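The values are calculated or read from the model by the stated rules, or taken from the named source; none is laboratory data. What you are looking at is a predicted structure, and each value in this text was computed from that prediction instead of being measured. Glycine also receives a Cβ, built like all others from the backbone with ideal geometry; neighbour counts cover every protein chain displayed. Ligands, DNA and RNA are stripped out before the accessible areas are found, and what is left, the full protein with its side chains, is counted by its heavy atoms. Shrake-Rupley method; radii C 1.70, N 1.55, O 1.52, S 1.80 Å.
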Amino acid sequence: SQQGEEDPQALSIQEGENATMNCSYKTSINNLQWYRQNSGRGLVHLILIRSNEREKHSGRLRVTLDTSKKSSSLLITASRAADTASYFCATDAETTDSWGKLQFGAGTQVVVTP
Amino acid sequence: KAGVTQTPRYLIKTRGQQVTLSCSPISGHRSVSWYQQTPGQGLQFLFEYFSETQRNKGNFPGRFSGRQFSNSRSEMNVSTLELGDSALYLCASSTTPGGNYGYTFGSGTRLTVV
């Protein structure tokens, strides 16, 4: 079973608007990571937030983490057509048998129209 | 610097055959992980290698195996292919074992079993 569940499954917005997607997970984590995937190609690492951090920024990306609610959100501001992609959250769980094993959510498919 | 290189990009095999996929990590990265991505199951962890040792393995049958060489290059092998093995196989590398700093993914090998 997947550790992360993402919401919404799909999102359609216009250029210039903000896009927000959420991720919930089940077990304690070391960190949570967000990745982007374009058209079934490889994943691109966007941002990593550690369990002791609450918010992190990278360019137009803002990630929050609430470990008490076991949830995270990714905000993309001023979206562009090039942001059209699937976005995945992945957790690095805090258990010895999870060593090196990222557990991915099902992803949010974002479409940005000009 | 060069990214993670996966070869071949596309592969078509017949049921019952075996296949070997190759992954060359970023120079200096000693950790290599493999993931399988399918529309039904999403992204699932196969295994992680660090310094030629398998550190963790996902819930896949013994037909799936891998190895890592002294130059950190990795291969994964799938024997007795089944139709359900059709997937995008992604390799990811990192400087350290575990997910502490995020992973760099290759573009993947798309395997079709007919």
Separation between the A:T20 and B:V114 pseudo-spin-labels, each 7 Å from Cα along Cα→Cβ, expressed in nm?
4.8 nm
Let a ≥ b ≥ c be the square roots of the eigenvalues of the Cα gyration tensor of the protein assembly as shown; is it rounded (a/c under 1.5), or, if not, prolate (a/b larger than b/c) or oblate?
prolate
The lysines whose Cα lies under 23 Å from the Cα of A:K69, excluding any fewer than 8 residues away in the same chain, are A:K26, A:K56, A:K101
Sites matching trypsin sites (Lys or Arg not before Pro) across the stretch A:13-67 that sit in DSSP coil, with at most 14 neighbouring C-beta atoms within 10 Å:
A:K26, A:R54, A:R60
Carbon/sulfur accessible area of chain A, % of total, 1.4 Å probe, equals 45 percent
Which of A:T27, A:T84, A:T64 moves the most in a Gaussian network model of chain A with Cα springs under 10 Å?
A:T27
Top to bottom by accessible area (1.4 Å), largest first, where do A:H45, A:H57, B:H29 land?
A:H57, A:H45, B:H29
Chains A and B together, accessible area buried on both sides, 1.4 angstrom probe, square angstrom:
1800 Å²
Using the basic label-point model (7 angstrom from Cα toward the beta carbon), what is the A:N52 to B:F69 distance in nanometres?
4.0 nm
